[in-house]
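Structure first, commentary second.
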Amino acid sequence: MTCNPDRSIRALLGMGGLAIVAGMLATIGGALPARADAADARTRLAQALTHYEAGHWTQAREAAQAATAADPKWGLAQAVLARTHLVLGEGVAAQGAIDRAVADGFDPQRIHQLRAHARLLQGDAAGAVTEADKTPARYRPYADRIRAQAVAAGGNVAAGLNALEAIVARAPQDAAAWVALGQIRMSAGDMVGAVNAAAAAVRAEPSSPDALRLRAETVRVQYGLVAALPWFEAALKRDPYGYDTLIEYAATLGDAGRASAMLDAVRRAMAVRPGSAQGYYLQAVLAARAGDYDTARSILDKTGRGVAGVPGALLLSGSIDLAQGNEGQAAVALRELVARQPTNVTARKLLALALLKSNAAQDALDYIRPAAVRGDADSYTLTLAVRAMERLGDRAGAAAMLDRAASPGRGRSTAFVPDEDLAMLAEDARLTPGDPAAAVPYIRALAAAGRNVEAVASAQRVAVANPGAPAAQLVLGDTLSAAGRMGEAADAYARAAATRFDEATMLRLVDARDRAGQRPQASATLSLYLAQNPASVAALRLAGQWQAAAGDDDAAIETLERLRALVGDGDAAVLAELANAYAGAGQAGIAQDYAAAAYRIAPANPLVADALGWALFANDNIGAAIPVMAKAVRIAPAHAGIRWHMAQIAAAAGDRAVAAANARAALADRGFADRAAAQALIAP
């Protein structure tokens, strides 16, 4: 590609108009000192402009640095270097280049827009506005964009959005303005607007790495991890050394379960920016996922303050400390994380465990109770609550929790209920009508108080006022679900999933469609999510359960083995489900091994006992199977599946009375599927 100096310099420095371009070309051609290295500087600067125009921004910076090295006193080269630093998000380096450019004779009136950008990148929103306002009219398009971003960063998001929307209306080919608009919309929760802005940015400038990266980020939210990868790769094809893109690409690969490719991307990012805190953090994540906690801690410590306070780093640090026996230190990081993300169930479980190990049972119960009282609380959450209650002497409460932990079923997924007073939440919602940030907690509190009619009406108003916000559709779906209107809830969740197909949205949509009698659509939704997020524990668990329930044991084995590889051998439920699948596939020996391992972990869980009893029966060990299965029946007498297994084992042992009694108990459940076989067993 040949360089178009007119276009390149205008793009780099924010200039417009033929007279300005002509003047700049004169500067390049006529203001060079009469030295041998001047020709090299001119060549290097031309290369910088060519790379910039092609979207090779890191290479453009390197060429501009070479130009300034060849002629350190050439102000224009310093200004071009500043612009390449800015497009790469390097505010401090850009500020230094700007100062050198002015010191070397570059007209300071031509550089206010660059100063504004540098200050914005350094977190000085007010200073960015001040510099943007000093910018002469001929450089205003660039300055106006920076000013709008600074206004939004300063807290007036609506004004910043309005300004950017006006800019793209005037200049629809301004890719940088579209990118800025998309980033702010996404931060504000307007995913429809963000998706549209990202698409417009790519149309305006297909070679822009920023536009391609924003498109990748919106696709990741809208469709999933796998769909986003080609967009990240397209951005890296333009700028192979783009640090921010490499980091996001690496994180996406890691979440998709592609550890080797993730490590390669991290190493490439750290070659660009040695000592990168984000790079060290991602390497620590890889080490922790592999169970090498000493290495993970060693690497995480290298980040210093670079990722301090980042939620992911707090969770990782707490997990490592727990694994290394540093419970008190783990609690410090996890307390901070729960304070910032009160609905983070994983953080609550880890914190409760750390507090229990530190003999702080009351604190542990306080943190785990909000998760334990939910209908969909998992057995581990309930077990943590049981341990805390037992230490506090609350045997009745512990017994009730233990019964729930041993129960084979789980309730529906629900949202966390806010702790604030309902009247205070109502006042916040009244003061900012239509704002999801204030309305959603109020609506959830209404639903929790049983005021479903008011909750649905409020949620409908918020959804209408914020059509592009997935959060508004989710809260509408939650209120409709609480009111028992599952078909309408599924429609609301589907609208949310159209722009934010994350795990929480997927689980709600699958559950609502299933409860609305739409099992094929629910299954299709789950399959689509797994195709995009192949390392999702929740999706793999649900898919394995559904495959087993449908009698597709081979598929269930494949899915559940993938799940076991992710969660390890300490999850009794996964081991029990694998045992059932292997038994169904005729591999009784493997089934018995898995079931025995599950039973050692959770002997009081009726489904685990059932899996062991059924595996023993499949392995022709009826004598050992009967007492284990009888135990499962005692713990969960109303479970039709357990009763039916007991009936078949008893029949094989020749005890027709016990077989018939258990078959009748199974038939009492209207949802029991093997009715014909059970009735045949009862028949004389």
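The values are calculated or read from the model by the stated rules, or taken from the named source; none is laboratory data. Remember, predicted model here, so these are calculated numbers, not experimental data. Quick reminder, even Gly has a Cβ in these numbers, built from the backbone with ideal geometry, and neighbours come from all protein chains shown.
Per-structure values
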item: Some residue of the range 261-273 being under 23 Å from Ala497 (Cβ atoms), at pLDDT 95 or above and β-branched (Val, Ile, Thr); result: no
item: Positions within the range 48-69 being assigned to a helix (DSSP H, G or I), touching a residue at least 24 places away in the same chain (Cβ under 8 Å) and within 23 Å of Ala234 (Cβ to Cβ), in sequence order; result: Ala48, Leu49, Thr50, Tyr52, Glu53, Ala54, Trp57, Thr58, Gln59, Ala60, Arg61
item: Criterion (surrounded by fewer than 19 Cβ atoms within 10 Å (Cβ to Cβ) and of a type in the set (A, V, I, L, M, F, W, C)) met by exactly one of Val157, Val195; result: Val157
item: Only one of Asp210, Asp190 that is surrounded by 21 or more Cβ atoms within 10 Å (Cβ to Cβ) and out of contact with any helix residue (DSSP H, G or I) (no Cβ under 7 Å at 6 or more places or on another chain); result: Asp190
item: Residue in the range 263-284 that is within 21 Å of the chain's Cα centre (by Cα), within 24 Å of Gly318 (Cβ to Cβ), assigned to a helix (DSSP H, G or I) and among the hydroxyl-bearing types (Ser, Thr, Tyr) present; result: yes
item: Residue identified as within 16 Å of Asn580 (Cα to Cα) and among the charged types (D, E, K, R) among Arg656, Arg643; result: Arg643
item: Within the range 197-239, tally of residues that are polar (S, T, N, Q) and within 23 Å of Asn533 (Cα to Cα); result: 2
item: Test: residue in the range 488-509 that is assigned to a helix (DSSP H, G or I), more than 24 Å from the chain's Cα centre (by Cα) and modelled with pLDDT of 95 or more; result: yes
item: Conditions (1) modelled with pLDDT of 95 or more; (2) under 27 Å from the mean Cα position of the chain (by Cα); (3) not small (Gly, Ala, Ser): number failed by Glu165; result: (2)
item: Test: Ile590 is under 25 Å from Leu542 (Cα atoms) and either modelled with pLDDT under 95 or β-branched (Val, Ile, Thr) (or both); result: yes
item: Selection from the range 510-525 of residues that are among the hydroxyl-bearing types (Ser, Thr, Tyr) and touching a residue at least 24 places away in the same chain (Cβ under 8 Å); result: Thr525
item: Those residues of the range 70-94 which are in contact (Cβ under 8 Å) with a residue 12 or more places away in the chain, part of a helix (DSSP H, G or I) and surrounded by fewer than 20 Cβ atoms within 10 Å (Cβ to Cβ), in sequence order; result: Gly91, Val92
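Okay, residues lined up against (1) of a type in the set (D, E, K, R); (2) over 25 Å from Gly224 (Cβ atoms); (3) free of Cβ contacts under 8 Å to residues at least 12 places away in the same chain:
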residue: Asp428; (1), (2), (3): yes, yes, no
residue: Val456; (1), (2), (3): no, yes, no
residue: Leu474; (1), (2), (3): no, no, no
residue: Thr479; (1), (2), (3): no, yes, no
residue: Tyr493; (1), (2), (3): no, no, no
